[in-house]
Amino acid sequence: MDTTASKGQVKRPNATRHEEHLRVKPQRWLRKRRWREALEFYLLVLPWLVGFLGLTAGPMIYSLYLSFTSFDLFSPPQWVGAENFTFFFSTPYPLSVFWKSLGVTAYFTLLSVPVNVIGSLILAVLLNTKIRGVSAYRTLFYLPSLTPAFASALLWVWIFNSKFGLANAFLHNVGLPELRWLTDPNLVIPAFVLMGLWGLGGNTMIIFLAGLQGVPVHLYEAAEIDGANWWRRFWAVTLPQISPTIFFNLVLGMIGSFQVFTSAFLMTNGGPDYGTYFLVLYIYQEAFKALHMGRGATLAWILFVILLFFTLLQFWLSKRWVYYEGGEAA
């Protein structure tokens, strides 16, 4: 019996070493697998990383350097410190082109963003109904957003023409006075906002459609059982559920409205009387026409700071009205 016990005592350490070996082997295999997956990930991401550093991050850092220099493309940049920034902010409003362009951009943003977001939401709600051929309707409303910006601008120049445009022809037929859409400083921004209705069925509508289709059906059924009509269901169920989608489209719409260039450049070239002299158009004029690359870079970074500020402000305000799953505010 003692012999059996002694034999058991001798075998136990060997069994323990074997168990430890079995535990270590999978751990080594997992480490090798993780290293291999990490290597594959970085190899796959390397083209994007090189492109990002070479085409985005690198030019951004260089433009930040240029914003503190005087540079005309033909001579080496000369360091001037904060002179470019003081140039734009030192001149008072009535005389400063910078303040005029910033005011025009802000005015356009205040008008266009609510119109586009609300219009796209209404269109998405209408196209979210279960009717025959709804896919065809969605396609038809989305197609105008695929029109190239150049072709779209030329089309709207013809529509808003004061003499033979379709807009004034419609006003004349209904007995209303004709308007100078693109030549009146007081009407040109509203005309640009109307032109933005052309793209209501674009990406903003598609994002709203995705948000609407993600609303749980049982919430509508519970509201209907409680006697809520369609408006009450929309206000109490749909809007809170898609509030993250509304917030997302508001941020994108605000950023896009601050970057208007093609339509203003082709249709009015900043006129009349600086009525469409948007900030990005001003950047183009300073950098590539006047060859003040340093000032152009300065304006670009001022625009970046403005967009960053308003984006962060919207994130802060979203805590009051954006609701995520569970019904709690962000």
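Looking at the structure I just gave you, is LEU252 closer than 29 Å to LYS319 by Cβ and at pLDDT 95 or above? In short, yes.
Kindly check whether there is at least one residue in the range 298-309 that is of a type in the set (Phe, Trp, Tyr) and either modelled with pLDDT under 95 or outside any helix (DSSP H, G or I) (or both).
No: the range 298-309 contains no residue that is of a type in the set (Phe, Trp, Tyr) and either modelled with pLDDT under 95 or outside any helix (DSSP H, G or I) (or both).
Condition check: among the aromatic types (Phe, Trp, Tyr), open to solvent by 30 Å² or more (accessible area, probe 1.4 Å) and either in a loop (DSSP other than H, G, I, E, B) or touching a strand residue (DSSP E or B) at 6+ places or on another chain (Cβ under 9 Å) (or both). Does TYR274 satisfy that? Criteria met by TYR274.
Scanning the range 63-113 for residues that are among the small types (Gly, Ala, Ser) and open to solvent by 80 Å² or more (accessible area, probe 1.4 Å) yields one hit, SER90.
Looking only at the range 114-130, residues that are of a type in the set (A, V, I, L, M, F, W, C) and open to solvent by less than 40 Å² (accessible area, probe 1.4 Å) come to 5 in all.
Taken across the range 262-270, residues that are modelled with pLDDT under 95, among the small types (Gly, Ala, Ser), assigned to a loop (DSSP other than H, G, I, E, B) and loosely packed, with under 15 Cβ neighbours inside 10 Å do not occur at all. A search for C-beta distances below 6 Å between a residue of the range 318-329 that is farther than 17 Å from LEU219 by Cβ and any residue that is at pLDDT 90 or above, counting only pairs 6+ apart in sequence or on different chains, returns SER318/PHE247; VAL322/SER243; VAL322/PRO244; VAL322/PHE247; ALA329/LYS319.
Looking at SER145, SER135, SER162, which one is modelled with pLDDT under 95, touching a Lys or Arg at 6+ places or on another chain (Cβ under 9 Å) and open to solvent by 20 Å² or more (accessible area, probe 1.4 Å)? Residue meeting the stated conditions: SER162. Taking helices (runs of 4 or more DSSP H) as the structural unit, those lying wholly within the range 62-159 and holding at least 3 residues that are under 29 Å from TRP198 (Cα atoms) and of a type in the set (Gly, Ala, Ser) correspond to 97-127, 149-159. The set of residues in the range 220-254 that are of a type in the set (A, V, I, L, M, F, W, C) and assigned to a loop (DSSP other than H, G, I, E, B) comprises ALA228, ILE242.
Taking the condition surrounded by 15 or more Cβ atoms within 10 Å (Cβ to Cβ), without any contact (Cβ under 8 Å) to a residue 40 or more places away in the chain and over 30 Å from ASN186 (Cβ atoms), does THR245 pass?
yes
Is the range 206-219 home to any residue that is out of contact with any Gly (no Cβ under 8 Å at 6 or more places or on another chain), under 30 Å from ASP273 (Cα atoms) and either open to solvent by 70 Å² or more (accessible area, probe 1.4 Å) or not in a helix (DSSP H, G or I) (or both)? No, every residue in the range 206-219 fails to be out of contact with any Gly (no Cβ under 8 Å at 6 or more places or on another chain), under 30 Å from ASP273 (Cα atoms) and either open to solvent by 70 Å² or more (accessible area, probe 1.4 Å) or not in a helix (DSSP H, G or I) (or both). If you go through the range 171-186 and pick out every residue that is open to solvent by less than 40 Å² (accessible area, probe 1.4 Å) and either part of a helix (DSSP H, G or I) or of a type in the set (A, V, I, L, M, F, W, C) (or both), you end up with 3.
The values are calculated or read from the model by the stated rules, or taken from the named source; none is laboratory data. Quantities reported herein were computed from a predicted structural model and do not represent experimental measurements. Don't worry about glycine lacking a Cβ; one is built from the backbone with ideal geometry, like all the others, and counts go over all protein chains shown. With ligands, DNA and RNA removed, areas are computed over all heavy atoms of the protein, side chains included. Shrake-Rupley method; radii C 1.70, N 1.55, O 1.52, S 1.80 Å.
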